[in-house]
1. Projected onto the charge dipole of segment B:1-80 (+1 at Lys/Arg Cβ, -1 at Asp/Glu Cβ, origin at the Cα centre), which of B:I33, B:S18, B:V49 gives the Cα projection farthest towards the positive end?
2. In percent, how large is the relative contact order of chain B, given Cα pairs closer than 8 Å and 6 or more residues apart?
3. Calculate how large, on average over all directions, the projected area of the Cα convex hull of segment B:64-156 is; give the answer in nm² to one decimal.
4. Which value at 222 nm does chain A reach when only helices count, each DSSP H run of 4 or more adding -39,500 (n - 2.57), with the total divided by all residues and rounded to the nearest 500 deg cm²/dmol?
5. Classify the protein assembly as shown from the C-alpha gyration tensor, please: rounded if a/c falls under 1.5, else prolate or oblate depending on whether a/b exceeds b/c.
6. Find the centroid of the Cα atoms in segment A:31-46 and in segment B:263-335, then give the distance between the two in whole Å.
7. Only helices at least 15 Å long along their axis, Cα-based, and averaging -1.0 or more on Kyte-Doolittle count here, so list those DSSP H runs from chain A.
8. Using only Cα atoms, find the angle between the long axis of helix B:214-230 and the longest principal axis of chain B, and express it within 0 to 90 degrees, rounded to the nearest 10.
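The values are calculated or read from the model by the stated rules, or taken from the named source; none is laboratory data. None of these values were measured; they are calculated from a predicted model. Every residue, glycine among them, receives a Cβ derived from its backbone with ideal geometry; neighbour counts consider all protein chains shown. The area values use the complete protein model at the heavy-atom level, side chains included, leaving out ligands, DNA and RNA. Shrake-Rupley method; radii C 1.70, N 1.55, O 1.52, S 1.80 Å.
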Amino acid sequence: MTDIILILVGTVLVNNFVLVRFLGLCPFMGVSRNLEAAFGMSLATAFVLTLSSAVSYLLHQYVLVPLNIEYLRTIAFILVIAASVQFTEIMVRRLSPLLDQVLGIFIPLIATNCAVLGVALLNVQQAKGLVQSVFFGFGAAAGFALVLVLFAAMRERVEAADVPVAFRGTAIALMTAGLMSLAFMGFSGMARP
Amino acid sequence: MDFERRDAPFVTPATDVSSMMREVLYALIPAAIAYVWYFGPGLILNFIVAALFCVAGEAVMLRARGRSVETGLSDFSALVTAALIAFALPALIPWWITATAALFAVVVAKHLYGGLGFNIFNPAMAGYVVVMIAFPLHLNLWAAPDMGDLDYHYLTLFETARYTLTGTFPDYLSFDSISRATPLDTVKAGLRDLRTFEEIRVNPLMGDFGGRGWEWIGNFTAIGGAWLLARKIIRWQIPLGVLAGLLVPSGIAYFLDPGVHASPGFYLFSGGTMLCAFFIATDPVSAATSNKGRLIYGLGVGFLIYAIRRWGSYADGVAFAILLMNLTVPTIDYLTKPHIVGHVKSTQDSQ
């Protein structure tokens, strides 16, 4: 139990995938222009990340290791992630047209989110079990969602501010992301077992 | 008959930004006197350096952006930023670190976001965090207060100025002879070494409840803060939130096991708690804007200070707690939009 809580605090705050590990920056900059899109993206990412970290764990443990082909894991994981994203998209479209309307356009974007591959590779590197892997993926997604939503709300405010012309748009957004990252350094040292 | 014709506004507000900022500066004077009494004149030198660079940075940025330099400087906000930086930094610090903090605060955290009124992050705390991460060695050297040691040496203005300007001491002094761990560091290290809080408190450095010197700086800061409250320059929601957010978790932990936790009184009167509660968190620009939002903001700051002091690797979490809650302010404001009087909440709105 403590183990799981440490994994969650560790991935959401201390080693936040976006602000500390600098993974998944493309959707972080790309989908943060308004709050609703950010919220939709967060939900879709949370689902795919949790699913793909479980699937990639099983693939590694029961296919790659027995066949002694661990060196293929990067390409194998990319395949699994692409498949699970496609699977999610089809399932969402069939099961819930409403959800599809909200999340539809975001789901294909996740296939190119490097945080998803990052989680799968880190799980293998740190030799986690199935349950830990799933929570690691879920925590990574929750951390991604947290900073994406906060960042989107901040960007809406910055858009309305009297920012010098040279810094409008992406420049000030990158500055803001840097300052956020600075603030998240305050969590360092927490969640040590 | 000749009537005087006037345009709106017909009621002039009792306070404007300039007088408000000036009163904040006055309210810091008692704490500054206590600081100089215990830790030497370093605070004043740091304030002068920070003020020079804050005002210069502000003037350059205003000019570059084609704004009136005079109007921009007459609101005294740059001096308040300078004062907060001076209070946050150790009393003895080379001038270029103070200058870095001041310039980052005014140029990056304030003017790149559009200047006073638009900055998302508290400028002083952003500047302080930058130097804390960039120059950790200098930021961890704190002068010791007088604890009755025979070899205690109160730093003269000359010695302090020499260190501020050149980073060196006269031959008869060294940093080891005049510096000590801060009470926050002492408690953190002591608890990590499995000593009880009661054992750690025997150290004369720990003073009566919040660390020698620090507890009185805290008290005088709170007096200045009370005056700001009485003058209605700050509202009660944020200070109460910060103090409650810190007091409740530390009180519960101390009540359950007083051996392995620091007392709530220590949390309240050590480090920058009081300065944070009354002067830093209450920054009207970077804090939440609705009354409910302010309370949530304050509670968040208080709890984050507690979390960083207890579990984190930094001794005092004030600056990080402020920046972290600054991040959440647009979201808090979005969620606590006050209800408009007279409007019936329609189903569209509640979605």
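1. B:V49
2. 17
3. 7.8
4. Numbers: 9 runs with 131 residues, N = 193.
Computed ellipticity for chain A at 222 nm equals -22000 deg cm²/dmol.
5. Values: a/c = 1.95, a/b = 1.33, b/c = 1.47.
In terms of gyration-tensor shape, oblate.
6. If we compute the Cα centre of each part, the gap is 27 Å.
7. Taking the DSSP H segments of chain A (at least 15 Å long, mean hydropathy at least -1.0), we get A:35-59, A:73-95, A:114-125, A:130-160, A:170-184.
8. Rounded to the nearest ten degrees, it is 10.
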